[in-house]
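Encoded as structure tokens, the structure appears first; notes follow it.
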Amino acid sequence: VPFCTIQSTALIFGLDPDDVEPLDNRRPTDQRQGPSMSNRYFTATTQKQQPVFEKDLNVAINQALLYRLASGDSNSIHIDPGSIPPLIDSPEDENGTKRPILHGLATLGMATRLIEQFIRHKLGPTCKFCLTHVEAQFTKPVFVGDALRIRIWNHETRNDMLLFQVFKTESEQVTIDQGTATFAEIDRSKL
């Protein structure tokens, strides 16, 4: 039984667009995988409902370094702004130095931590739960030092699912979109 699955898309610089074939977006049907949220449903829900939770998060200056050390991901774009391809416009800090890109999974991890805090608040401090599925799309890079905000919405028909989005507070650019988090209460008698 797999602990998790990941689907990724690679951004490869220097390819002629005429040489690239379109991606087939059909998903495999796998009952272990949680439900995928359609773009239309997510947009309709988030436009007609107010978020039930919003919280700011700041990406610490050493966040990429800490994640790099913990994960073993040694890609230089997360530590050396000089290795970021010119197509990506890296913002500068107060000294005029370009800032490195934060790992996408580090951003998702920060968001997931706040989702867990919200679920704990929603269910009560004595209730035990586990996240069973987290899914999202990375839409824009996050840089060390960025100020972010997470917004969470309740699913209209499912009490065990939340919708979420992460965006940059200054520019309102969405960095994580179409997020869903599914959770389950743990039967305390079986602990």
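Assuming R0 = 22 Å, can you tell me the calculated FRET efficiency for the pair ALA70 and PHE129, based on Cβ-Cβ distance, to the nearest 0.05?
Working: r = 24 Å, r/R0 = 1.11.
E(calc), rounded to 0.05, equals 0.35.
How long are the semi-axes of the equivalent ellipsoid of the range 72-179, taking √(5λ) for every eigenvalue λ of the Cα gyration tensor, in whole Å from largest down? Walk me through the numbers on the way to the answer.
On the way: eigenvalues 193, 39, 31 Å².
Three semi-axes, in Å: 31, 14, 12.
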Among all the lysines, which ones have a C-alpha under 27 Å from LYS122's C-alpha, if same-chain residues fewer than 8 places away are not counted?
LYS48, LYS55, LYS168, LYS190
Expected vector for the range 75-89, Karplus 3J(HN,Hα) from phi with 6.51, -1.76, 1.60 and θ = phi - 60°, integer Hz, x for Gly and Pro, equals 4, 5, 5, 8, 9, 10, x, x, 8, 6, x, x, 5, 9, 7
Ratio to report: Rg/Rh of the range 78-121, with Cα atoms as the point set and Rh obtained by the Kirkwood method; give two decimals.
1.18
If the chain between ARG120 and SER171 were fully extended at 0.36 nm per residue, the gain over the current Cα-Cα distance would be 15.4 nm
If each residue's Cβ is checked for other Cβ atoms within 10 Å, how do ASP19, ASP73, ASP80 rank with the fewest at the top?
ASP19, ASP80, ASP73
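If I stretch the segment between ASP80 and GLN137 completely, what's the gain in nm (0.36 nm per residue apart, minus their alpha carbon distance), one decimal? All intermediate terms of the calculation are to be shown ahead of the outcome.
Working: separation 57, 0.36 × 57 = 20.52 nm, distance 2.47 nm.
Result: 18.1 nm gained on full extension.
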Taking H placed 1.01 Å from N in the peptide plane, check which residues at least 5 places from PHE53 or on another chain put their amide H under 5 Å from its amide H.
ILE152
With contacts defined as alpha carbon pairs under 8 Å and 6 or more residues apart, what's the relative contact order of the range 55-191 in percent?
26
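Bear in mind these aren't lab numbers, they're just calculated from the coordinates by the rules spelled out. Predicted model, so just to flag it, every value in this text is computed and none were measured. Virtual Cβ from ideal backbone geometry, glycine too; neighbours counted across all protein chains shown.
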